[in-house]
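Data first, discussion second: the structure below is written as structure tokens.
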């Protein structure tokens, strides 16, 4: 309780708790309301987009009383997914694309023809890309960030990151990403979301890049911060149910839709551990399937301790998912013990796959050398493989002079949020050296 009449710290702390609660409480009316069947794949995609971009929203089952009220108020009962924005004068979208949702909320997904020349193009809006945007734009470097999905990357789907400096109670990936996005925007960085960069080519003393749905932009340097994607499981009976109970990655709202039901999480990394703990707050049971002998081999100790102490969580080590069953949606998962081959079936209304790390680098030009797994070589490694410059490459510079790589996409990087933020911040000093011609 406050110990003086005007205890500002007390009031600020209470306000932060209330804000966190209001964001996670599924019963609250929010600025954006999504109405659909709870197991609708398009609805899950839109909810994930809203969550990871920090847009306050609520989900309503179209068969519920609150869902009926929204459909009657908007007169939009025919669509599979209805997005209502009461905060924006009741704007209503029926079966919208992700770009349409973002544009309706006021987030740019394109660029004016007259504003397409930048100092640096940052490809990817995860922790590394956001850190690069903040540092570059704060130092007067004209910056464009293009993100193919949503702000925050993989980290944006984390329900609670407990070991990031400065957040004693933890912070969600979406909240951390939103703070970085707002910070970069205040400094003047430009953003284009839900768009792909599908071409980077040398042009004069700089580069030209093609952004799908936008067109060409020019820049003096490129920072690749595209991160990694979860590896597909490759089991036919699982893949056919993708979007119908089977999902790659996880988000906060998905747990609300599974309240009182059963969930399965596949993966042994920190993201999987955070998803398990969040789902355990709502689900009847959560089964964690990992290939290794112990989650302690790949997961932070604070997550290991919390999972071990939670009676809702069932841990299946040295195991893998070998199949899935369901009529139109996921109903059960087959788990196989790797050493013996024995299989057992687990009831599952939702399964979240968070395995492996595959960089999406196939679109890059051949001049940017990658390792056998597709991760981009930088610094001395790039200098020994394909480097054509007359000087030595900068530490985060690829084999193509003027193109840099930071974060998870870089070969040899530490796959942690704090590390990605550090690399994104540090690369800006190397950009200044490039622009100044140091070492040339």
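Values for this structure:
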read-out	value
Residue match in segment 299-319 (condition: modelled with pLDDT under 95, in contact with a helix residue (DSSP H, G or I) (Cβ under 9 Å, 6 or more places away or on another chain), assigned to a loop (DSSP other than H, G, I, E, B) and not assigned by TED's automatic domain parsing to the domain that holds residue 417)	yes
Residue 288 being part of a strand (DSSP E or B), free of Cβ contacts under 8 Å to residues at least 60 places away in the same chain, under 26 Å from the mean Cα position of the chain (by Cα) and farther than 30 Å from residue 411 by Cα	no
Search result, residues across segment 42-57 that are farther than 23 Å from residue 127 by Cβ and surrounded by fewer than 19 Cβ atoms within 10 Å (Cβ to Cβ)	42
Residue list for segment 272-298, filter: more than 15 Å from residue 335 (Cα to Cα) and surrounded by 24 or more Cβ atoms within 10 Å (Cβ to Cβ)	272, 273, 274, 275, 276, 279
Pick from segment 147-170, criterion farther than 14 Å from residue 51 by Cβ and under 14 Å from the mean Cα position of the chain (by Cα), ranking: surrounded by the fewest Cβ atoms within 10 Å (Cβ to Cβ)	148
Residues that are closer than 25 Å to residue 296 by Cβ, in contact (Cβ under 8 Å) with a residue 60 or more places away in the chain and surrounded by fewer than 21 Cβ atoms within 10 Å (Cβ to Cβ), drawn from segment 314-334	322
Any chance residue 409 is modelled with pLDDT of 95 or more, crowded, with 16+ Cβ neighbours inside 10 Å and closer than 30 Å to residue 238 by Cα	yes
Residue 418 being in a helix (DSSP H, G or I), touching a residue at least 40 places away in the same chain (Cβ under 8 Å) and more than 19 Å from residue 205 (Cα to Cα)	yes
Selected residue [over 30 Å from residue 418 (Cα atoms) and within 24 Å of the chain's Cα centre (by Cα)] from 259, 272	259
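This table checks each residue for (1) in contact (Cβ under 8 Å) with a residue 12 or more places away in the chain; (2) outside the structural domain of residue 210 (by TED's automatic domain parsing); (3) touching a helix residue (DSSP H, G or I) at 6+ places or on another chain (Cβ under 7 Å); (4) closer than 22 Å to residue 148 by Cα.
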position: 375; (1), (2), (3), (4): yes, no, yes, yes
position: 378; (1), (2), (3), (4): yes, no, no, no
position: 389; (1), (2), (3), (4): yes, no, no, no
position: 394; (1), (2), (3), (4): yes, no, yes, no
position: 404; (1), (2), (3), (4): yes, no, yes, yes
position: 407; (1), (2), (3), (4): yes, no, yes, yes
position: 426; (1), (2), (3), (4): yes, no, no, no
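The values are calculated or read from the model by the stated rules, or taken from the named source; none is laboratory data. Not measured: the values here are computed from a predicted model. Note that we place each Cβ from the backbone using ideal geometry, even for glycine, and neighbour counts take in every protein chain shown.
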